[in-house]
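The values are calculated or read from the model by the stated rules, or taken from the named source; none is laboratory data. None of these values were measured; they are calculated from a predicted model. Here the Cβ positions follow ideal geometry from the backbone for every residue, glycine too, while neighbour counts run over all protein chains shown. We work out accessible area using only protein heavy atoms, side chains counted, and drop any ligands, DNA or RNA first. Shrake-Rupley method; radii C 1.70, N 1.55, O 1.52, S 1.80 Å.
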Amino acid sequence: MKKWLKAAKEKSMVTVVLAKQTLRNRRGEGYVDTGIKILIAVVLGALLLTGLYLLFNGTILPTLTQRIKDMFNYKG
C-alpha cells in the first residue's frame, strides 16, 4: 500500500510540474497567426488557379482545337 501511495504521489507531482510548464509556455502559435497563414494560402491558390485558367483558355485550348480541326479536315 505504501508503494502504491508513493507511486501515486510521484505521478501527481510529475503531472503538476508538466501542467505548470505547459501553462507558462508562450511559444505556441496564436489564432491570428494561423488565420493569416490560411488567408495567404487561399489567396495564392486563387491566383494560381486564375493564371492556369487564363493560360489554358487563351493559349493552349484554341491551338489544340485548331490542330484537331486541321487533323480531321485533311483533304489529301
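See the values below:
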{"read-out": "Residue 27, sole failed condition from (1) in a helix (DSSP H, G or I); (2) open to solvent by 100 Å² or more (accessible area, probe 1.4 Å)", "value": "(1)"}
{"read-out": "Failed condition for residue 68, given (1) under 30 Å from the mean Cα position of the chain (by Cα); (2) part of a helix (DSSP H, G or I)", "value": "(1)"}
{"read-out": "Residue match in the stretch 32-52 (condition: open to solvent by 80 Å² or more (accessible area, probe 1.4 Å) and either of a type in the set (Phe, Trp, Tyr) or in contact (Cβ under 8 Å) with a residue 12 or more places away in the chain (or both))", "value": "no"}
